[in-house]
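Worksheet for the structure shown next.
The values are calculated or read from the model by the stated rules, or taken from the named source; none is laboratory data. Keep in mind that this is a model prediction, so the values were computed, not measured. Ideal geometry is used to build each Cβ from the backbone, glycine not excepted, and the neighbour counts take in all protein chains shown. Heavy atoms of the whole protein, side chains included, go into the accessibility calculation; ligands, DNA and RNA do not. Shrake-Rupley method; radii C 1.70, N 1.55, O 1.52, S 1.80 Å.
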Amino acid sequence: MKRRDFITLLGGATAAWPFAARAQQPMPVIGFLSSLSEPQTTHLFMALVRGLGEAGLVAGQSITIDRHFAEGQYDRLPAFADEFVRQRVSLIIAAGPPAALAAKAATQTIPIVFIVGFDPVADGLVASFSRPGGNATGIFLVTALVGQKRLEILRELNPKASAVALLVNPVSPDSPPEIKDVEAAAQANRISIKHFNASTPAEIDAAFTSITAQRPDGLLCGSDPFFVVRREQIITHVAHLKIPAVYPFREFPASGGLISYGTSLPGAYRQAGIYAGRILKGSKPADLPVLQPTTFEMVLNLRTAQALDIDVPATLHARTDEVIE
């Protein structure tokens, strides 16, 4: 899916510009490459636009944004990235690990600002966090390294939990480090972890058929972008199981999931917009350090807890950053 955005905010000075003068100065084009779907990411895109605004750039006035959405179908991303290269866009914003890898494979010259959960150094996007050294830099969400914390939250919700399901996307670059982190934490706490794979809507249904048969004590949802796209489907299945589930982002409890722990996606998109603005104004990606979150948020949907008949401990309730009632 492709979109071109012209968000025009005309002030008096802008309206007075001669048409010919503006025509002689073509606007830079940003290619926005997303692993997600358009309806599910409107709030994230607007956070990106706010970041660009903070950097002094306004879509439709000083820049143009072309958008491609893979809608969780990652095999579409390389063609989308190649199209941006053929267009000779000024910069690519790659949202999600599959989008970032596709953009990096497509060009070594066009600047790239990525938003990823995996380690961008280990996966070859940059040379180092402090000095990326190439045409890419961006935001590292650290999603794969907080599995232990999510497992701790699950144990607080169900102290007797001994078997936990982990839903992962086998084709996602996020999955291997996420699995490793969760398994290490589970082993230390003598908890059995069973993986369930899903990379299509039908496979999500099949995974939950298997999860139902296994009757686990709780569920951890992987941080892959495809699961963000399909979060309502996942949340519906979990509701039928009536078990506690811990999710990676606020978007899940906002859609009816129980609880999430992770970094703020809108905050990451906003920062990506700021970085894109800085690059378009002359900064080099090689010199802009990869940013990492310094805070994580825990969001609880109290209505869901009541519907699932889950008693949220007072200590956990007190630590939440946001309670949806």
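Could you tell me whether any residue of the stretch 305-315 is buried (at least 19 other Cβ atoms within 10 Å of the Cβ) and either of a type in the set (D, E, K, R) or in a strand (DSSP E or B) (or both)? The answer is no, given that none of the residues of the stretch 305-315 is buried (at least 19 other Cβ atoms within 10 Å of the Cβ) and either of a type in the set (D, E, K, R) or in a strand (DSSP E or B) (or both). Within the stretch 158-211, being within 25 Å of the chain's Cα centre (by Cα), open to solvent by 60 Å² or more (accessible area, probe 1.4 Å) and over 30 Å from Gly124 (Cβ atoms) holds for Lys194, Ala202, Asp205.
Could you list, in sequence order, all residues of the stretch 48-71 that are within 19 Å of Phe249 (Cβ to Cβ) and open to solvent by 10 Å² or more (accessible area, probe 1.4 Å)? Once the filter is applied, which keeps residues that are within 19 Å of Phe249 (Cβ to Cβ) and open to solvent by 10 Å² or more (accessible area, probe 1.4 Å), the stretch 48-71 yields Arg50, Glu71.
Counted as qualifying within the stretch 163-231 are the helices (runs of 4 or more DSSP H) with 3 or more residues that are polar (S, T, N, Q), namely 201-214.
Out of Phe80, Phe32, one residue alone is open to solvent by 10 Å² or more (accessible area, probe 1.4 Å) and touching a strand residue (DSSP E or B) at 6+ places or on another chain (Cβ under 6 Å). It is Phe80. Taken over the stretch 64-123, the criterion of being polar (S, T, N, Q) and in a loop (DSSP other than H, G, I, E, B) is satisfied by Gln73, Ser90, Thr107, Gln108, Thr109. Hey, any hits in the stretch 212-232 for a residue that's β-branched (Val, Ile, Thr), free of Cβ contacts under 8 Å to residues at least 12 places away in the same chain and surrounded by fewer than 21 Cβ atoms within 10 Å (Cβ to Cβ)? No. The single residue among Tyr269, Tyr261 that is in a strand (DSSP E or B) and buried (at least 21 other Cβ atoms within 10 Å of the Cβ) turns out to be Tyr261. The requirement of being over 19 Å from Phe45 (Cβ atoms) and either in a helix (DSSP H, G or I) or among the hydrophobic types (A, V, I, L, M, F, W, C) (or both) is satisfied by Ala239.
The residue that is nearest to Ala47 (Cα to Cα), counting only those in the stretch 89-107 that are in contact with a strand residue (DSSP E or B) (Cβ under 9 Å, 6 or more places away or on another chain) and without any contact (Cβ under 8 Å) to a residue 40 or more places away in the chain, is Ala100. Scanning the stretch 71-110 for residues that are within 16 Å of the chain's Cα centre (by Cα) and of a type in the set (Phe, Trp, Tyr) yields a single hit, Tyr74. Here is a list of conditions, (1) among the aliphatic types (A, V, I, L, M); (2) more than 18 Å from Gly218 (Cβ to Cβ); (3) touching a residue at least 12 places away in the same chain (Cβ under 8 Å), and Leu316 meets all of them except one; can you say which number that is? The one condition Leu316 does not meet is (2). Condition check for Gly11 on (1) open to solvent by 10 Å² or more (accessible area, probe 1.4 Å); (2) at pLDDT 95 or above: one failure, at (2).
Of the listed requirements (1) farther than 19 Å from Ser172 by Cβ; (2) more than 18 Å from the chain's Cα centre (by Cα), Arg67 misses just one: (2).
Residues in the stretch 141-157 that are closer than 23 Å to Arg270 by Cβ and in contact with a helix residue (DSSP H, G or I) (Cβ under 9 Å, 6 or more places away or on another chain) were compared, and the one that is surrounded by the most Cβ atoms within 10 Å (Cβ to Cβ) is Leu141.
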